[in-house]
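So the structure is just underneath, and the comments pick up after that.
The values are calculated or read from the model by the stated rules, or taken from the named source; none is laboratory data. Bear in mind that the values here come from a model prediction, so they are computed numbers and not experimental data. Cβ placement follows ideal geometry from the backbone for every residue including glycine, while neighbour counts extend to all protein chains displayed. Accessible surface is based on the protein model in full, side chains and every heavy atom, while ligands, DNA and RNA are left aside. Shrake-Rupley method; radii C 1.70, N 1.55, O 1.52, S 1.80 Å.
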Amino acid sequence: SAVISQKPSRDICQRGTSLTIQCQVDSQVTMMFWYRQQPGQSLTLIATANQGSEATYESGFVIDKFPISRPNLTFSTLTVSNMSPEDSSIYLCSAVPGRKNTGELFFGEGSRLTVL
Amino acid sequence: KNQVEQSPQSLIILEGKNCTLQCNYTVSPFSNLRWYKQDTGRGPVSLTIMTFSENTKSNGRYTATLDADTKQSSLHITASQLSDSASYICVVSRNDYKLSFGAGTTVTVRA
C-alpha cells in the first residue's frame, strides 16, 4: 500500500494568482498522477508525473497552465497557474506503489481550491 | 469511446438495509475494474479490484461482481451503516493503464 499526503488540504485563492500543491508518498512508486474533480463530477486525469522528465498531459490540459514537477520517486508538485474561478476544484494526487505496475491505485486526500 | 456509466446517480437507504449499485462499461481492451469509496471531502479509497477472470470479490460488507461478457459490474452493500454514506466510483482500466472513471453513485444512509 501507499500513504499519500497532500498539502495544502484546502485554500482560497485570488483570481490571477498561482498555487502549488505538494504530494508526498511514503514509499517509492512507479507512477504518479494528478487528477481534477470538479464539483459534483468524477475524476479527470490532468497528467502523468514522470520522474526526471516532463509530465505527460491529457487532452485539454497544458504545461503552461498546470506545470508539474517530479524530482524523485516519492514527491511531485502541481501548480495551478493564473487561476480563475473555473479552476475551483479538488485536485488529487495518486500513485501506483512498488516498482512494478500492480494496477492498484492509491489517492491522496485531495486539495480543495476555491478561486474568488 | 471508452465509457463507464453508473446507476443510480444517487440513492437513499435506511440503516441496516441492503443496496446494489450498477456499473456498465464499454472500455476496451479491459484490464481490471475497481470500486472506490469517496467520503465527502476525502480522496477515493479502494474497495475492490477485479480482473477479467474474477466474478466476485468481497471486502467486508461490500461485494462486487463482474460479468466481463456483458461488461457489467455491481457493488452490493449489506446491512448498511451510517458510515457507508459516500460516493461510490466505478473505475475501469485498459491494458495500457488508461483509466476510465464513472460519475459515481451517491449513497445516503439514514437512521
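Taking strands (runs of 3 or more DSSP E) as the structural unit, those lying wholly within region A:1-106 and holding at least 2 residues that are within 11 Å of chain B (Cβ to nearest Cβ) correspond to A:4-7, A:29-37, A:43-49, A:89-97. Scanning region B:39-61 for residues that are touching a helix residue (DSSP H, G or I) at 6+ places or on another chain (Cβ under 9 Å) and either at positive phi or among the small types (Gly, Ala, Ser) (or both) gives no hits.
Residues are listed down the side, and each one gets a yes or a no for (1) open to solvent by less than 60 Å² (accessible area, probe 1.4 Å); (2) modelled with pLDDT of 95 or more; (3) among the acidic types (Asp, Glu):
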site: A:Ile21; (1), (2), (3): yes, yes, no
site: A:Phe33; (1), (2), (3): yes, no, no
site: A:Leu45; (1), (2), (3): yes, no, no
site: A:Ser53; (1), (2), (3): no, no, no
site: A:Val80; (1), (2), (3): yes, yes, no
site: A:Phe106; (1), (2), (3): yes, no, no
site: A:Thr114; (1), (2), (3): yes, yes, no
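Of all residues in region A:21-45, exactly one satisfies the criterion of being more than 17 Å from A:Phe106 (Cβ to Cβ) and within 9 Å of the chain's Cα centre (by Cα), namely A:Arg36.
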